[in-house]
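J.: Let me begin by handing over the structure; questions about it come next.
The values are calculated or read from the model by the stated rules, or taken from the named source; none is laboratory data. Please read these numbers as outputs of a predicted model, since none were measured by experiment. Here the Cβ is made from the backbone with ideal geometry for all residues, glycine too, and neighbour counts use every protein chain on show.
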Amino acid sequence: MPTYQFEAMDATGQEIRDVIEAATEEEAQTTIRQMGYFVTKISVKKAAAGSEPGKIRKKRPFALGGGGTKLICAFTRQLSILQDAGLPILRSLKILEGNNKPGRLKNALMDVADEIEAGATLSEAMSKCPKVFSRLYVNMIKAGEAGGALEVILQRLADFLERSEQLKRKVKGAMIYPTVVVMVAIGILVFIMIKIVPVFATMFEEFELELPTATQILIDVSYYAKNYWYVIPMVPLGIWLSIKLIRKFKAGRMGWDQFMLKIPIIGNLVEKNILARTTRTLGTLVSSGVPILEALTITRETAGNAMFEKMYGKVTEAIREGEPIAVPLREHSRPGFHPVTLFFWFFFGAGPFIPLAFLPNMLNKGLMAAGVAGALGALFYMLKMNDRVVDELVVNMVDVGEETGELDTMLYKVADTFDDEVKTMTDGLMALLEPLLIIFLGFAVGFIVISLFMPLVGLISGLS
């Protein structure tokens, strides 16, 4: 009995992709309709290339990880050049397969070539390798095949992937310097707390000096750092694991992603980065001939932020009901209240003061300071929770693009604008971080020096 692969829509408009066994195509469609689905596409599922009698499947070398964005960019650019030169697709794939080093991409190209030899199209073959070729990639290839302009689509896809990779490298590269500086600063401060401060503490005990509050706090912190040093790496690790666990749940992921969008400076950078990526993705799909509903679904999946995924989902539902993109984009771009986000903001404000409660004679003061700071963090969130994540400029440009029929051009302009803003903000943030880190280190070292020398000054004054 043959197996049919089908695409359908359920009662809510959600896309369904599955396989079903039936004697004929008519029987398969009848069964699918009885399941409550509306069939949009159905075809006989082709047998795997290696499953044909007498055909030996090539042995695949062992590979770890995904294809790698840089490798996919290079492959797409090379494939577009070969297609522009007029080479058959199968020969092009075999040439690129031979040029690639052993890995996930090479294995995928071998599988794709085998599927094409068995009669599959390029998009169908690539869809069998989702860990290497994303849904965005496959749908653009499908649009290129349908329009007979595969080489043009490949060039657009290569440009899109290269721009996305360039922006990603820019943001990651900008984080290297502050991360290294912060790690070195923490290492220096921990060394001072463990090796230097205890020497002064012993000397103060021998002279039986009455210590100022700042000096006593410093000595207490040094005691905990020396005797419970293993807690220092466990705290950030525990926070990271807790966030990962919370984000496993739908409400937790939404709360954390909304929290990230509201952090001063960083949130604005994250928001513009997502807008640049999603508008470029949507513009590339629309210009490639992908239907708008499918394009919005793919864009939602590539957003990487639950708030934007929810917004694009609402836009998709509104378009199914006949509305233009700009109207729901304006209406659903306000995050609104979320209890998990409120928890994160309270913890974000209270967190730095919680360790004070564990110092001797500081329980009440530490808890009071943590409570006040947490309340301020929660108040800040309540004031900012309705700020839109898509500003009026984007909505107006999308509106103009729909009215003029140049939606893809307008989306490209929006993406270029936010790419430039992300670059400017990243450069400005890097220029600002250096003096801020110097000020932080100066304050920390100054506090340590003053706290240690205040008792010594009192001792010298008493002796004189």
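J.: Considering (1) farther than 30 Å from residue 135 by Cα; (2) modelled with pLDDT of 80 or more, say which one residue 158 fails and leave the rest.
T.: (1)
J.: Before we move on, is residue 49 of a type in the set (A, V, I, L, M), modelled with pLDDT under 80 and surrounded by fewer than 19 Cβ atoms within 10 Å (Cβ to Cβ)?
T.: no
J.: When region 373-395 is examined, which residues are found to be surrounded by 13 or more Cβ atoms within 10 Å (Cβ to Cβ) and in a helix (DSSP H, G or I)?
T.: Answer for region 373-395, where residues must be surrounded by 13 or more Cβ atoms within 10 Å (Cβ to Cβ) and in a helix (DSSP H, G or I): 373, 374, 375, 376, 377, 378, 379, 380, 381, 384, 394, 395.
J.: Further question on the same structure: Of everything in region 77-126, what is in contact (Cβ under 8 Å) with a residue 12 or more places away in the chain and of a type in the set (Val, Ile, Thr)? Give them in sequence order.
T.: Matches in region 77-126: 89, 95, 112, 116, 121.
J.: Residues being assigned to a helix (DSSP H, G or I) and out of contact with any helix residue (DSSP H, G or I) (no Cβ under 9 Å at 6 or more places or on another chain): count how many of those fall in region 404-416.
T.: Total meeting the criteria: 0.
J.: List the helices (runs of 4 or more DSSP H) inside region 68-140, counting only whole elements, that have at least 1 residues being within 22 Å of residue 283 (Cα to Cα) and not assigned by TED's automatic domain parsing to the domain that holds residue 302.
T.: Where helices (runs of 4 or more DSSP H) fall fully within region 68-140 and carry at least 1 residues being within 22 Å of residue 283 (Cα to Cα) and not assigned by TED's automatic domain parsing to the domain that holds residue 302, they are 69-84, 122-127.
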